[in-house]
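Written below as structure tokens is the structure these notes are about.
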Amino acid sequence: MNIEYVDICVGLSWGDEGKGKIVSQLSKQYDFVCRWSGGNNAGHTIYVNGKKYATHLIPSGVFHGVPSIIGPGCVVHKESFFKEIEYLQKNGFDTSLVKISPKTHIITDEHIEEDIQKYNKTIGTTAKGIGICYSDKYARKGIRIMDRKEDFKGYIWNEQLYGKILCEGAQGFWLDIDYGNYPYVTSSSCLPYSACNLGFPPQKIRKIFGAAKMYDTRVGNDPEFPDDLLCNQELLTIAKEGHEYGTTTNRPRLVNYLNLDKLITAVKISGTTDLIISKVDILKKTNIFRYYYQDKLYSALSIEEMKRIVENILYNCSGLLKNITFSSNPEQI
Ligand code: IMP
Ligand code: MG
């Protein structure tokens, strides 16, 4: 069977844009849901039949009976993987659908220890050993799933893709190793082109779903999100109303007004065709409708006006962008 097409869901900000919700809702329309980068540094919050679930590594297809692939560009910590498998099994999901590429690199306890010692405080990493594991991979001294076949018995992927494929991005455009504010970035490529590492040609890509929020948030250190944001009462109000805490680390997320300049760049370079902007209801509740555009801070009079402005600016910046959806529902698009 051939590959029919590939759709990709990508974060356009600093992670936590609601990709999990989007992928979860779309999953059933595909033959595979695949992760192409990162590891259990990610955090996906998903609602299935009204119940809330949180996963970190395993693609959201597993919640909907769809084969879920962890690709060769990902990194996997064995104990964390099996903990997630157990969690899914306890909740009645069919984990035989979960497969890992034999080429995927393994995060060791030493990787985690070094991440904690050297980078957790300085860069504000999630302390999951991600960057150190990728360092070993690129230094060509890493350990792969194929070296520990027995440990992952039953979960090894035969590396065959066919039909309709959905790729689930992790982190976001501004955490990307090449495009983010280096070194305050993650150690993998969050951009959709790198999803091709799963084993399909770029010509098969059909849609790119870009996920953003009506305001910006950031976990981890980043001079672009200075601590004085915590002194801004409006931003604290948005953070509180939006329950802005990291899914993986439970750290409070720094909040800033929507930066349209950054979003324009992310939409353009990612090739987003379908943009989904979430948490519109949060701004509506707070009555704060500010955004940055061309390096200046503006304020709209209402949520409706802000939506119109955002729409106009974004449609004009990229000919590839076909749809913008504003979402107020934490459970669905
Ligand atoms: P690492 O990926 O653990 O090395 O962390 C590097 C940077 O990316 C830190 O600023 C983290 O807070 C951030 N980061 C990594 N994964 C996520 C995520 O899924 N959501 C939000 N931030 C993330
Ligand atoms: Mg997340």
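The packing ranking of peptides 47-57, 71-81, 149-159, highest mean first, is 71-81, 47-57, 149-159, where packing means the average number of other beta carbon atoms within 10 angstrom of each residue. Per residue, the chain reaches -7500 deg cm²/dmol at 222 nm when only DSSP H runs of four or more residues are counted, each adding -39500 (n - 2.57).
Couplings 3J(HN,Hα) of the stretch 108-120, computed from phi: 9, 4, 5, 4, 5, 4, 5, 4, 5, 5, 9, 10, 4 Hz, in residue order, whole Hz [Karplus 6.51 cos²θ - 1.76 cosθ + 1.60, θ = phi - 60°; x for Gly and Pro]. Reducing the stretch 17-84 and the stretch 240-271 to their Cα centroids gives an inter-centroid distance of 20 Å.
Once neighbouring chains are kept in place and the probe is 1.4 Å, which whole percent of the accessible area of the stretch 64-179 is contributed by carbon and sulfur? Don't skip to the answer; put the middle values down first.
Values: 2710 of 5550 Å².
Here it works out to 49 percent.
Taking a ≥ b ≥ c as the square roots of the Cα gyration tensor eigenvalues, the stretch 16-100 comes out rounded, since a/c falls below 1.5.
Place the peptides 123-133, 192-202 in order of packing, highest mean first, counting for every residue the other Cβ atoms within 10 Å and averaging per peptide. Kindly include the intermediate steps, with their values, before the conclusion.
Numbers: 123-133: 23.5, 192-202: 18.7.
Descending packing order for the listed peptides: 123-133, 192-202.
Given axes a ≥ b ≥ c from the Cα gyration tensor, I'd like to know whether the stretch 217-330 is rounded (a/c under 1.5), prolate (a/b larger than b/c) or oblate. It is prolate, given that a/c is not under 1.5 and a/b is the larger ratio. Peptides 35-45, 291-301, 220-230, 174-184 ordered by packing proxy, namely the average of other Cβ atoms within 10 Å per residue, highest first: 35-45, 174-184, 220-230, 291-301.
The values are calculated or read from the model by the stated rules, or taken from the named source; none is laboratory data. Everything numeric in this text was worked out from a predicted model, so none of it was measured. Cβ atoms come from the backbone with ideal geometry, glycine included; neighbour counts cover every protein chain shown. Note: areas computed on protein heavy atoms with side chains; ligands, DNA, RNA excluded. Shrake-Rupley method; radii C 1.70, N 1.55, O 1.52, S 1.80 Å.
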